[in-house]
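The values are calculated or read from the model by the stated rules, or taken from the named source; none is laboratory data. Quick caveat: nothing in here was measured; it's all calculated off a predicted structure. Heads up, the Cβs are rebuilt from the backbone with ideal geometry, glycines too, and the neighbour counts pull from every protein chain shown.
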């Protein structure tokens with residue numbers, strides 16, 4: 001399984017949903033393909049329990065000998081200094097080449113190397129990240145109002161903005177084609193990226209050959225990942241209905257905890273009054 005752009009430590013991160021998904025699968029190999037922890041926007045003031053639970057579960061997988069590769073992205077680029085580090089089943093790499101059971105090879109890397117803004121104007125990219133996070137917060141409030149008061153479905157403001165800006169659409173197409181071109185030159189059958197928050201599975205052909213381009217998307221808006229099972233790649237898309245029973249159990253547990261706290265406070269009040 002390949003997952004990227006989780007952005008733990010930001011308001012837009014869907015950590016609870018990711019944890020539900022991780023607990024529902026049992027991958028032999030897990031690739032964390034960049035921007036898992038958002039070090040750019042990391043703050044001690046915002047690190048919810050749900051984000052810590054994801055980290056703890058990943059550590060549990062490593063302890064249980066699941067092969068885990070961590071490929072740093074631009075938001076966690078400070079971790080690139082540790083590239084080459086290995087401990088048990090955990091490996092820190094700048095890129096990974098997986099030799100699949102089908103005899104094919106998948107070349108996996110984050111993809112920010114293709115981003116001109118990242119290479120020459122990091123301050124602009126950081127500013128954009130802050131603006132994007134703010135847009136996600138606004139989007140969450142808008143969706144709440146849309147569902148609660150208007151009876152309509154969810155909307156994605158950032159998706160609408162991206163799809164309406166021709167330069168953004170052109171950048172995504174260019175990103176995919178450049179990644180595919182280099183992958184073909186190096187003789188890979190698959191090239192797997194993250195970074196652009198755009199889940200995709202697309203066969204690309206040029207005068208030198210062909211390759212399958214894959215992008216795992218993100219866990220801020222799309223809530224997607226890539227799975228390779230029985231020789232086939234698929235894009236996993238999170239569906240709330242699949243985890244309804246888990247959410248109900250969590251809500252019941254929270255309600256019971258709140259009741260226990262209430263009764264404890266009530267007992268304390270009675271003892272003080274006596």
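Taking the criterion of being closer than 17 Å to residue 80 by Cβ, touching a residue at least 60 places away in the same chain (Cβ under 8 Å) and part of a loop (DSSP other than H, G, I, E, B), the residues of the stretch 7-37 that qualify are 33, 34, 35. Those helices (runs of 4 or more DSSP H) of the stretch 120-234 in which 1 or more residues are at pLDDT 60 or above, under 30 Å from residue 27 (Cβ atoms) and over 19 Å from the mean Cα position of the chain (by Cα) occupy 166-185.
Residue by residue, here is whether (1) crowded, with 17+ Cβ neighbours inside 10 Å; (2) modelled with pLDDT under 95; (3) within 21 Å of residue 111 (Cβ to Cβ) holds:
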position	(1), (2), (3)
3	yes, no, yes
15	yes, no, no
18	yes, no, yes
29	no, no, yes
59	no, no, no
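Within the stretch 85-110, residues that are without any contact (Cβ under 8 Å) to a residue 60 or more places away in the chain and assigned by TED's automatic domain parsing to the domain that holds residue 60 reach partners that are crowded, with 18+ Cβ neighbours inside 10 Å and part of a loop (DSSP other than H, G, I, E, B) with beta carbons closer than 6 Å, at six or more positions or on different chains, in the pairs 93/71; 95/109. When we screen 251, 260, 268 for residues that are modelled with pLDDT under 85, in a helix (DSSP H, G or I) and within 25 Å of residue 15 (Cα to Cα), the only hit is 251.
Would you be able to say whether some residue in the stretch 45-53 is assigned by TED's automatic domain parsing to the domain that holds residue 196, modelled with pLDDT of 95 or more and in a loop (DSSP other than H, G, I, E, B)? No.
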